[in-house]
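Heads up: the structure comes next, in structure tokens.
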Amino acid sequence: MPLMTTKPMFDLAYEGGFAVGAFNVNNMEITQGIIEACAAEKSPLILQISKGARKYAKMNYLRHIILAAVEEYPELPIAIHLDHGDTVDLVQQCINDGFTSVMIDGSHYDFEKNIELSKKATDLAHANGVVVEAELGMLGGIEEDVVGMDAHEYEKNIEKFLTDPEQAADFWKRTGIDSLAVAIGTSHGAFKFKHEAKLAFNRVEQIMKTCPGLPLVMHGSSSVPQEFIDLVNKYGGAMPNAKGVPEDQINMAVTKYGVCKVNIDTDLRLAMTAKIREVFSTKPAEFDPRNYMGPGREAIINMVRRKLHMLNSAGKADVIVKHWEKSGKSLPSYYNAKKLSA
Ligand code: G3H
Ligand code: 13P
Ligand code: ZN
């Protein structure tokens, strides 16, 4: 049962020139699509769940869907992760629900408050064998909305929102986190750039120097492939000017600059939406959900397989499982307490 924390994955990712894809799950078809793609490509994976996903699907349903996926594919290294956790209470709930990893996102607070929140979450998670990701710097999209900023203004002043390398070192030392989400020009959603799509690789290099050994995470890493936008628009959608991070830049961040975890949600939403729109448009009499959710799930499989190659994680499942076995198969206390069978 290789359900694990992200540690054995990140231990190997940097040296191995690959990153682990963290894909957002909201329902059964999305979860199945992701896991089937990873099984076909023999790739490690992180299934991540946002506060919104917990509310939409109800955690007990999601938990059972995910545990079913883990049972179906016992050979795959899988971590279950909280995406953008905002309170210590939520972190506690996720620990109780059997997550192996949590994110605490205090990036919209000032530096000292972010440290205080992240340290509290880290102390709690570590006491339960769970690993922690925190965030420093500000991404566009969801996070600029938090402070009520216009996207143009964000892009114009991007330098001041990027993660500060010296602060990152101080933040790591004072919180004890296991990985850090950095702001290097990515943003959430389907409208990432008004101008040129360009990541700040020099920042990643600088952070690597001030924080040697700290696994770095890239949020907002969907590429919003034009062919999917074209399909959405062709079949009745309206997403003009959508733009993502070019896949070659993500690949470079991983293989050349050592980013270990890459978050992808928007591209899954796009793949599924484009396919369902196509079914509705070309078969107007269709009303069996299996005949549109099924193709939607197939579209997720194809999209995730594409991403696993971009992240260079295809074929890396076995080495991670071996490394995990050598390191004592550590799991959070939830699983030890419940004695889930291997
Ligand atoms: O970064 C955010 C993820 O895309 C999750 O989005 O909060 O709408 O579930 P959500
Ligand atoms: P995208 O919106 O680019 O898919 O980013 C998802 C993400 O960062 C989830 O935390
Ligand atoms: Zn994110």
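The values are calculated or read from the model by the stated rules, or taken from the named source; none is laboratory data. Remember, predicted model here, so these are calculated numbers, not experimental data. Don't worry about glycine lacking a Cβ; one is built from the backbone with ideal geometry, like all the others, and counts go over all protein chains shown.
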Just give me the residues in the stretch 174-197 being over 20 Å from the mean Cα position of the chain (by Cα), charged (D, E, K, R) and in a loop (DSSP other than H, G, I, E, B), in sequence order.
Lys194, Glu196
Please go through (1) over 26 Å from Thr266 (Cβ atoms); (2) touching a residue at least 60 places away in the same chain (Cβ under 8 Å); (3) not in a loop (DSSP other than H, G, I, E, B) for Glu75 and return the number of the only condition it doesn't satisfy.
(3)
Can you go through Lys307, Lys283, Lys261, Lys256 and tell me which one is in contact with a helix residue (DSSP H, G or I) (Cβ under 9 Å, 6 or more places away or on another chain), surrounded by fewer than 14 Cβ atoms within 10 Å (Cβ to Cβ), under 23 Å from Ala183 (Cα atoms) and basic (Lys, Arg)?
Lys256
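Identify, please: which residue in the stretch 202-243 is in a helix (DSSP H, G or I) and either at positive phi or among the basic types (Lys, Arg) (or both) and is, among those, surrounded by the fewest Cβ atoms within 10 Å (Cβ to Cβ)?
Applying the first criterion (in a helix (DSSP H, G or I)) to the stretch 202-243 yields 202-210, 226-234.
Restricting the remaining residues to those that are either at positive phi or among the basic types (Lys, Arg) (or both) gives 203, 209, 234.
On the way: Arg203: 21, Lys209: 10, Lys234: 12.
Checking each candidate, the answer is Lys209.
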With the checklist (1) buried (at least 16 other Cβ atoms within 10 Å of the Cβ); (2) over 17 Å from Asp178 (Cβ atoms) in hand, flag the one item Ile80 doesn't pass.
(2)
Mind checking which residues of the stretch 65-83 are in contact with a helix residue (DSSP H, G or I) (Cβ under 7 Å, 6 or more places away or on another chain) and within 15 Å of ligand 2 (Cβ to nearest atom)?
Ala79, Ile80, Leu82
In the stretch 107-136, anything assigned to a loop (DSSP other than H, G, I, E, B) and within 17 Å of the chain's Cα centre (by Cα) is listed as Ser107, Val130
Within 16 Å of ligand 3 (Cβ to nearest atom) and at pLDDT 95 or above: does that describe Leu82?
yes
When the residues of the stretch 98-114 are narrowed to those that are in contact with a strand residue (DSSP E or B) (Cβ under 9 Å, 6 or more places away or on another chain) and more than 16 Å from ligand 1 (Cβ to nearest atom), which ends up farthest from Leu139 (Cα to Cα)?
Gly98
Can you report the number of residues in the stretch 173-186 which are farther than 12 Å from Asn114 by Cβ and surrounded by 19 or more Cβ atoms within 10 Å (Cβ to Cβ)?
7
Can you pull out every residue in the stretch 81-106 that is over 15 Å from Tyr335 (Cα atoms) and assigned to a loop (DSSP other than H, G, I, E, B)?
Asp86, Thr87, Asp105, Gly106
Checked against (1) in contact with a Phe, Trp or Tyr (Cβ under 7 Å, 6 or more places away or on another chain); (2) in a loop (DSSP other than H, G, I, E, B), Leu47 satisfies every condition except (2)
